[in-house]
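The values are calculated or read from the model by the stated rules, or taken from the named source; none is laboratory data. Note that the structure is a prediction, hence the values are computed from the model and not measured. Every residue, glycine as well, gets a Cβ built from its backbone with ideal geometry; the counts of neighbours run over all protein chains shown. Note: areas computed on protein heavy atoms with side chains; ligands, DNA, RNA excluded. Shrake-Rupley method; radii C 1.70, N 1.55, O 1.52, S 1.80 Å.
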2 protein chains.
Amino acid sequence: MSSDNDALEAACRSLEGVCDDVEGTVDALTEQRPAEDRVATQAAVFGALANEHRVRILEALRDGERCACELQVVLEAPQSTVATHLRRLRETGLIKGRKKGKWTYYRIADTAALELLDIGAAVDVPESD
Amino acid sequence: MSSDNDALEAACRSLEGVCDDVEGTVDALTEQRPAEDRVATQAAVFGALANEHRVRILEALRDGERCACELQVVLEAPQSTVATHLRRLRETGLIKGRKKGKWTYYRIADTAALELLDIGAAVDVPESD
DNA sequence: ATCATAAATCGAGAAAATACAATATGAGTT
DNA sequence: AACTCATATTGTATTTTCTCGATTTATGAT
């Protein structure tokens, strides 16, 4: 009830200088607020993609399935590290594993992953200065 | 040169059980490896999206610009917290700020951000069990 | 059953991201 | 000038993620 609300009240006060109908604006902002689970899903998916190793895994799965040991070669990383990233992608529903004997073959589970990779790659990120 | 290479060699050895032409497979994997800067861009973009606050900010900017104080109302978070997230999105090139007097109005800089949000929201993330 | 191998999981230290109070900056106002 | 207000930045405590050796599990071979 203290600083958190103080900050919100201050923000609402400054709204007065921005729009004539503060209440209306707040209502509009509140109305178009996305559903909780939508935002949670989005953050989870992007979190799964927010790592170079995991991006490389998905890119390697573009044209078909690969077994875990192949992905280990792609990443040039220790086995447990690769397995950890594979799990994260699996748990987010972006890839699927198929067990065949001693080997596990992974493939893209949702082609949305590849769309995301392409769109994300096309963003013009300003160089850090 | 020790454990890192040991792990890689082990992975390559296990490849022998997967394909007949190990060298060829490794070459193929190496060739289709995406460029460094592509992966870096992708990870940076998805990192910027990998946060519920930042997702909410972008969703709020869908139908036009909003000033920082409006976004503060949307997030129900302290001013410095909101400013920090705005900076991250700005530095990644996803939003742009326009200063007008005391206020700063933010807008989507790259509509790819909205595409990403929509595609990401449609992914079926299995519930954590 | 024993052994070898591929992959998953565990656990702990290191690194990165986040929250947010405090402070600084910069523009308008008096 | 001094003051007020909106926003940006800084500093630091906290939380989350990442890494990877060690261990376990699962499968096939001898």
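What are the residues whose amide H is under 5 Å from the amide H of B:Ile95, where those residues sit 5 or more places off or on another chain and H is modelled from the backbone?
B:Arg90, B:Ala109
Would you kindly calculate the mean projected area, averaged across all directions, of the convex hull enclosing the Cα atoms of the range A:38-121, in square nanometres?
Result: 5.3 nm².
Toward the positive end of the charge dipole of chain A, about the Cα centre and with charges on Cβ (Lys, Arg +1; Asp, Glu -1), which of A:Phe46, A:Ala83, A:Cys69 goes farthest?
Going by the charge dipole, the pick is A:Cys69.
Exposed loop trypsin sites (Lys or Arg not before Pro) only (DSSP loop, at most 15 other Cβ atoms within 10 Å): please give the longest stretch of chain B free of them, not including the sites.
The longest uninterrupted stretch comes out as B:1-61.
Just how far, in whole angstrom, is the range B:91-129 from the range A:28-107 if you go by their alpha carbon centroids?
If we compute the Cα centre of each part, the gap is 21 Å.
I want the local charge near B:Ala28. Using Cβ-Cβ distances under 11 Å, sum +1 for each Lys or Arg and -1 for each Asp or Glu among the other residues.
-4
Any idea which of A:Cys12, B:Gly93, A:Val123 is furthest toward the positive side of the dipole for the protein assembly as shown, if Lys and Arg beta-carbons carry +1 and Asp and Glu beta-carbons -1?
Value computed over the given set: A:Cys12.
Counting only other chains, what is the mean number of Cβ atoms within 10 angstrom of the Cβ of each residue in peptide A:29-35?
The per-residue average across the peptide is 4.
Per DSSP H run of n ≥ 4, the term is -39500 (n - 2.57); total these for chain A, divide by its residue number, and report the mean residue ellipticity at 222 nm rounded to 500 deg cm²/dmol.
About -18000 deg cm²/dmol.
Find out how many positive minus negative residues lie around A:Ile57, taking Lys and Arg as positive, Asp and Glu as negative, among other residues whose Cβ is under 15 Å from that of A:Ile57.
On the way: positive: A:Arg54, A:Arg56, A:Arg62, A:Arg66, A:Arg87, A:Arg88, A:Arg90, A:Lys96, A:Arg107, B:Arg33, B:Arg38; negative: A:Glu52, A:Glu59, A:Asp63, A:Glu65, A:Glu70, A:Glu76, A:Glu91, A:Asp110.
It works out to a net charge of +3.
May I ask you to give the percent of accessible area on the range A:1-98 that is carbon plus sulfur, with a probe radius of 1.4 Å?
Reported share for carbon and sulfur atoms: 45 percent.
Return the loop-located chymotrypsin sites (Phe, Trp or Tyr not before Pro) in the range B:35-111 (DSSP other than H, G, I, E, B) with at most 14 other Cβ atoms within 10 Å of their own Cβ; answer none if there are none.
On the way: sites: B:Phe46, B:Trp103, B:Tyr105, B:Tyr106; in loops: none.
Hits after loop and neighbour filter: nothing returned.
Stick to the Cα atoms of the protein assembly as shown, pair each with every other, and give me the Kirkwood hydrodynamic radius in Å at one decimal.
One decimal place: 20.2 Å for the Kirkwood radius.
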